[in-house]
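One structure below.
The values are calculated or read from the model by the stated rules, or taken from the named source; none is laboratory data. Predicted, not measured: the structure shown is a model, and the values here were computed from it. Positions of Cβ are generated from backbone atoms using ideal geometry, with glycine treated the same way; all protein chains shown enter the neighbour counts. What goes into the accessible areas is simple: the full protein's heavy atoms, side chains included, and nothing from ligands, DNA or RNA. Shrake-Rupley method; radii C 1.70, N 1.55, O 1.52, S 1.80 Å.
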Amino acid sequence: MKGDLTVSVESWPIAGGFTISRGTKTEATVVVAEIRTGAHLGRGECLPYARYGETVEGIRDEIAGLAHTVAHGLSREELAEILPAGAARNALDCALWDLEAKEKGKSVRELAGLTEPKPLVTAYTLSLGTPDSMREAARKAAHRELLKVKLGGDGDAERIAAVREGAPDSRLIVDANEGWSPADIESLLAACADARVELVEQPLPADADEVLADIDRPITVCADESIHDRASLTGLSTRYDAINIKLDKTGGLTEALALSNAARQAGMKVMVGCMLATSLAMAPAMLVAQGAEWVDLDGPLLLARDRQPGLRYEDSLVFPPEPGLWG
């Protein structure tokens with residue numbers, strides 16, 4: 001598709017800060033790609049992630065460097081040949097989907113041949129803290145159906161027990177963000193099972209997760225940093241039971257849909273997650289999340305404010321995007 005490409009960097013304050021095993025953030029800095037042709041504007045948002053060697057400036061420049069190509073016509077298939085899976089491709093891929101939908105007067109759902117999207121239960125994330133602070137955070141969020149608990153190593157057994165005390169009736173999933181070691185993996189999985197946790201994301205570093213193939217897994221273990229696109233799916237089912245699909249990892253909606261199908265064919269369950277970003281980044285993921293066993297699209301809920309119009313959240317439900325936002 002042909003159009004005029006612009007790229008911008010935006011900072012969105014986080015409500016109260018957000019802590020995982022790698023540190024604390026106070027704002028989400030996103031990169032937005034916009035492609036305009038006549039009266040139509042397509043948008044896509046990404047969040048560069050240092051864990052994957054990405055910087056805000058580098059992703060901004062990578063996108064801006066394709067302005068000439070976009071002006072002369074760029075398809076999503078061509079984009080996948082030009083850029084690797086990652087944040088830059090995500091923003092452009094989603095912008096191209098959005099633009100095509102607006103030009104053709106159809107929804108992205110229709111263009112992709114998908115069923116009508118429905119509201120979904122999304123997880124609400126509790127950031128890493130002391131057992132006492134996490135118990136209190138869980139108590140305040142105990143009305144939510146599904147809580148996602150950030151863990152990070154020493155003291156995690158006490159943390160997850162405290163969260164369960166604070167939210168006795170909520171469903172729980174856990175994200176260790178590569179913070180556990182092979183020596184403690186079995187005891188921590190057992191502690192999670194005792195707390196009725198349904199799933200643990202990426203307990204071990206992506207380059208040191210081989211032990212997962214050799215131990216009993218009493219609960220679902222989900223790959224996050226170990227999975228990006230279909231190329232990284234090969235052989236993963238011996239170590240993991242599920243994968244977490246994030247558009248910033250796959251390089252956009254196009255590859256995310258293909259990865260979801262490939263994971264199903266490999267007998268794996270699917271979680272659809274997000275980086276800490278606005279509703280513009282969540283909107284395309286809502287299409288991938290239809291039918292997923294777990295959905296974690298709470299990014300906007302963790303911000304001090306969201307873009308308008310944004311996604312509609314009611315209690316534990318997130319609703320499909322309106323055309324004014326995306327798609």
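Key figures for this structure:
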| item | result |
| --- | --- |
| Euclidean distance between Cα centres, region 226-265 to region 94-146, Å | 18 |
| Protein-only accessible surface order, largest first, of Ser279, Ser237, Ser75 at 1.4 Å | Ser237, Ser75, Ser279 |
| Cα-based helix-to-principal-axis angle, 131-140 vs the chain, degrees rounded to 10 | 60 |
| Arg159 accessible area, assembled protein chains, probe 1.4 Å, Å² | 40 |
| Helical mean residue ellipticity (222 nm; -39500 (n - 2.57) per DSSP H run of 4+; nearest 500) of the chain | -9000 deg cm²/dmol |
| Ser260, Ser187, ranked by accessible area, largest first (probe 1.4 Å) | Ser187, Ser260 |
| Accessible surface of Val200 - all protein chains present, 1.4 Å probe, nearest 10 Å² | 0 |
| Rounded to 5, percent antiparallel among DSSP beta bridges of the chain | 50 |
| Dipole moment magnitude, nearest 20 debye, region 268-315 about Cα centre, only Lys, Arg, Asp, Glu C-beta charged | 180 |
| Farthest toward positive dipole pole in the chain [+1 Lys/Arg, -1 Asp/Glu at C-beta], among Val108, Cys192, Asn244 | Val108 |
| 0 to 90° range, to nearest 10: angle between helix 185-194 axis and the chain longest Cα axis | 80 |
| Rel. contact order, % - alpha carbon contacts under 8 angstrom, at least six apart, region 166-215 | 50 |
| Cα long-axis angle, helix 87-104 against the chain (0 to 90 degrees, to the nearest 10) | 50 |
| Where Glu210, Glu78 fall by accessible area, highest first, once all protein chains stay in place (1.4 Å) | Glu210, Glu78 |
| Phi to ³J(HN,Hα) by Karplus 6.51 cos²θ - 1.76 cosθ + 1.60 over region 224-236, Hz, x for Gly, Pro | 10, 4, 7, 10, 10, 9, 4, 5, 9, 7, 4, x, 6 |
| Average Cα contact separation per residue, region 31-183, under 8 Å, 6 or more apart, as relative contact order % | 19 |
| Accessible surface of Met275 - all protein chains present, 1.4 Å probe, nearest 10 Å² | 20 |
